[in-house]
Every structure is written in C-alpha cells, then in structure tokens.
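Where a number appears in this text, it was derived from the coordinates with a stated rule and is not lab data. Note that this is a predicted model, so its numbers are computed, not measured. Quick reminder, even Gly has a Cβ in these numbers, built from the backbone with ideal geometry, and neighbours come from all protein chains shown.
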Amino acid sequence: MAYEGILLGMGNPLLDISAVVDEDFLKKYDVKLNNAILAEDKHLPMYEELAAKQSVEYIAGGATQNSIKVAQWLLQIPGATSYIGCIGKDKFGEEMKKNSKLAGVNVHYYEDESTPTGTCAVCVVGGERSLIANLSAANCYKSEHLKRPENWALVEKAKYYYIAGFFLTVSPDSIQLVAEHAAANNKVFTMNLSAPFICEFFKDAQEKVLPYMDYVFGNETEARTFSKVHGWETDNVEEIAIKISQWPKASGTHKRITVITQGADPVVIAGDGKVKKFPVILLPKEKLVDTNGAGDAFVGGFLSQLVQEKPIEDCVRAGCYAANVIIQRSGCTYPEKPDFK
C-alpha cells in the first residue's frame, strides 16, 4: 500500500507557550482547569507573563497538528502525513516550520503577511492543563489557499482526513470542501468535538459537517455538552456515543463510529448501536508530567493504525500507547522512536 500523503490534517497551527503555574495565576486570569477556550482581551497579558517564567517551553502545537505529528511518529514513514493551516511570517512561524519538518510532516502553511503566528497558553497545575488559544494568524486561513492546485493535490492524494473541531471557528467552508470530497470519493473523514464551547457556540457549523464524519472523537465532557446542547437529557457517555454514531450520514459507504476518551476511565467506542469499552494504560500520579496533548496524541495513535486498515482494537491500543507516552513528558512531545508493538 502506498502511504505517501495518506493522512491529511487541517487546523489551527499554534505555538504552545507552556509553563507550570499556580491556582492564583488561574484565578487572576479567570481560567478553569481542564478547559480549552479562545483568548479574550483580559487574557492577553498572560502570554508575556508565561514567557517570563523560568520553566517556560515553546512547542509547535495546535490540536490537529499535534495529532498529525503523533500519527507520523508512529507510522515512521517519511511524508505519510500532510498538514494545512495558517501561520504568520515571523519567528514563531519559522519555529513552526522547522519543528514540522523535523517531525517528518509535509506542511503547506498559508503565510499571512500582517498577522502574527497563533499561540496557545498552556497553564499546567498538578499535571492538569488549561489551554487559552490566541489564534491570530491561525484565524486567517482562507479556502482560496486550499483550492490552489498544489494544496488541493494533498486533498486528492489523501485517503484519510482529520480536522479538530476548533477549525470550525476559522474556515467551515474549507472543512465542507474536504468533507464533500471524502464522501464523493469513498474516503474516510474524521473530526473531533474538541471543546465544550465548540459544541455550544458553533453548533450549526458542527451540525452541518456531522453527516460527513465517519469517526467522531471527543472526551466525556465534550460528549455531555453535545448531549445537553441537543436536548438529549442524558449524561451517560455510552448512550451519547451511540446517539452520535446514529446521526444521519451524507455517504452510506462507512458506518459512523464514535470514540470517546474519559481520562483514566475506559475508552468508549460506539457503532452499529453497540458499545465496546477499552481500558487505558494507567499511570502512577508521580509519573504524570502534564496532560496537554493527551487527547490529541490518542487521536494520532488511533489514526496511525486506521490508515493501515488495522482492526479497531489496534487503533485504540495505539491511541492509549501514544497518550501514555505524551502525559509523561512536557507538551505534546515524544521520544525519537516509538516502541509500540
């Protein structure tokens, strides 16, 4: 099987500015732990304050880009993955390009002349993380870039697509183009619920693309928010996963599968009106460094096996393996070579 360019990701490339902070820091900026939000004016001074900390680290991130890099790492096949998104023409943008090339991902960034590269404040308290994204250039992605022949060629070459729900806030028309291409050509289109605020405030955009999703990823909080927004009156993650999998589909070729992670609790997989649960690899608390990128890593691991047409058990196992590696390190980073069997 030819793996070159088999998996394409599209999303918001952000440079993570990651540091360990305390509860007072969270209070000062009105930030909840284990949440992901878009920056408001009150959050803007936070980036400078984090950058001034001794423990600060800069890591090329953004949800989709993390997943694609992890999939690439597990596949160990140069150029198996591609990625599209918007960065600024600045030092953070250069850092991003360098980082992605090192990761072996074929990136086609749209470079915005007038807007700085997007950043994400990663506030770590006791291993748990909170994300505050200042999209900047990531917010400037246009579907015109996607339609350019050299970029659309990546869409045509790929057989699997992954887009985090966060991209719904930026370029829903780009998502629609890829989704429709996937449905028309019997390819596999996957997305992530990504954050409670996406399910709440971008409900219409999410609903428009949901019929095209062959795999829907999310965590238990996002699943429950999705349920609440749609008036399903259930908090039961297994029930919600089944209901999402039964949402009408735009193409009948693939049945939809819902994949919900629940931190240390089992992964819930729903499809065909049935649920399977898979235990995760438990980690002693003292080995936990930070949970930033754990969900992204799970998806990357899952996709690395999916594109090889492996059974769902293997996809989940690789997802759990990748997440377990990532949470023992700072940010969404990994050793040079995986030891996944």
How do the peptides 159-165, 299-305 rank, highest first, by the average count of neighbouring beta carbon atoms within 10 Å per residue?
-> 299-305, 159-165
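What is the ratio of the Cα radius of gyration of segment 1-74 to 2.2 N^0.38 Å, with N the residue count, to two decimals? Please list the in-between numbers first.
Working: Rg = 16.0 Å, N = 74, 2.2 N^0.38 = 11.3 Å.
Taking the Cα Rg and dividing by 2.2 N^0.38 Å, one obtains 1.41.
Taking the alpha carbon gyration tensor of segment 1-143, what are the square roots of 5 times its eigenvalues, largest first, to the nearest whole Å?
Values: eigenvalues 157, 58, 31 Å².
Sorted largest first and rounded, they come to 28, 17, 12 Å.
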Scoring segment 169-272 by relative contact order with C-alpha pairs under 8 Å, at least six apart, yields a percentage of 25
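Counting only C-alpha contacts under 8 Å and six or more residues apart, can you give the relative contact order of the chain as a whole percent?
Details: 739 pairs, mean separation 59.0, N = 341.
That works out to 17 percent.
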Per its Cα gyration tensor (rounded if a/c is under 1.5, else prolate when a/b beats b/c, else oblate), segment 136-206 is best filed as oblate
Please give the length that would be gained between residue 56 and residue 143 if that part of the chain were fully extended, namely 0.36 nm times their separation in residues minus their C-alpha to C-alpha distance (nm, one decimal).
-> 27.9 nm
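Is the C-alpha gyration tensor of the chain telling us rounded, prolate or oblate? Criteria: a/c under 1.5 is rounded; beyond that, a/b larger than b/c is prolate, otherwise oblate.
Values: a/c = 1.31, a/b = 1.13, b/c = 1.16.
Taking the square roots of the gyration eigenvalues as a ≥ b ≥ c, the chain is rounded.
Count the net charge of all other residues whose Cβ sits under 14 Å from the Cβ of residue 4, scoring Lys and Arg as +1 and Asp and Glu as -1.
+1
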List the DSSP H helices in the chain whose Cα atoms stretch 15 Å or more along the helix axis and whose mean Kyte-Doolittle hydropathy is at least 0.5.
-> 294-306, 312-326
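Provide the FRET efficiency to the nearest 0.05 for the residue 35-residue 233 pair, computing r from the beta carbons and using R0 = 22 Å. If you can, show how the numbers build up before the last one.
Values: r = 24 Å, r/R0 = 1.07.
Result of the calculation: an efficiency of 0.40.
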On a C-alpha basis, how far is the centre of segment 159-191 from the centre of segment 1-36 in Å? Whole number, if you could?
-> 20
For segment 7-16, in order, what is each residue's ³J(HN,Hα) by Karplus, 6.51 cos²θ - 1.76 cosθ + 1.60 with θ = phi - 60°, in whole Hz (x at glycine and Pro)?
-> 10, 10, x, 9, x, 9, x, 10, 8, 6
